[in-house]
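Here is the structure we will look at, set down as structure tokens.
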Amino acid sequence: MPTEITTQAIKRARQFRRSMTDGEKKLWAELKQFRQWYGIHARKQVPLGPYTVDFAIHAHRLVIEVDGEHHFTPSGLRRDAARDAWLRNAGYRVLRFTTGEISDEFDGCVEQLLSELAVTRRFSPVFQGVAHTPANLAPT
């Protein structure tokens, strides 16, 4: 059942979309291809209840967060724990990556994400130089 989203939440999400971090931009570049590659629709900077999450895949009830330094302070950890509890109670799983993981181990992050979605990547378009076309995808 859809939840009502306030005008303020929509404005906040739009602002976040315009000011994404480098890690969020890098992950979004991959996620926005998921519809073509795997038939999975991802959204960025999504209002969910009192929160705006970095990415959501509603059909799989999955939230993906990219955490920078401020998430690892005591107050940041408390906020994330409360947020994760709210999201779990709403039926979502939360997958978190640090900005360092996105920067240094991007392919591993994507593999972990695909594993959460129960999707197998049969090739690595970034590292094998394969064109991103449906003809290159093995059926899942």
Review point. Can you tell me which residue in the stretch 73-97 is surrounded by the most Cβ atoms within 10 Å (Cβ to Cβ), limited to those that are in contact (Cβ under 8 Å) with a residue 12 or more places away in the chain and farther than 22 Å from I40 by Cβ?
Key: R83
Exercise for review: May I ask you to list the residues in the stretch 36-50 that are over 13 Å from the mean Cα position of the chain (by Cα), closer than 26 Å to E4 by Cβ and surrounded by fewer than 19 Cβ atoms within 10 Å (Cβ to Cβ)?
Suggested key: G49, P50
**Study point:** Hey, V126 in contact with a helix residue (DSSP H, G or I) (Cβ under 8 Å, 6 or more places away or on another chain), β-branched (V, I, T), at pLDDT below 85 and assigned to a helix (DSSP H, G or I) or not
**Key:** yes
Check your understanding: Just wondering, is there one or more residues in the stretch 103-120 that are of a type outside the set (G, A, S), touching a strand residue (DSSP E or B) at 6+ places or on another chain (Cβ under 9 Å), surrounded by 14 or more Cβ atoms within 10 Å (Cβ to Cβ) and modelled with pLDDT under 90?
Key -> no
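The values are calculated or read from the model by the stated rules, or taken from the named source; none is laboratory data. This structure is a prediction, so every number in the text was calculated from the model and none was measured. Positions of Cβ are backbone-derived with ideal geometry, glycine not excepted, and every protein chain shown enters the neighbour counts.
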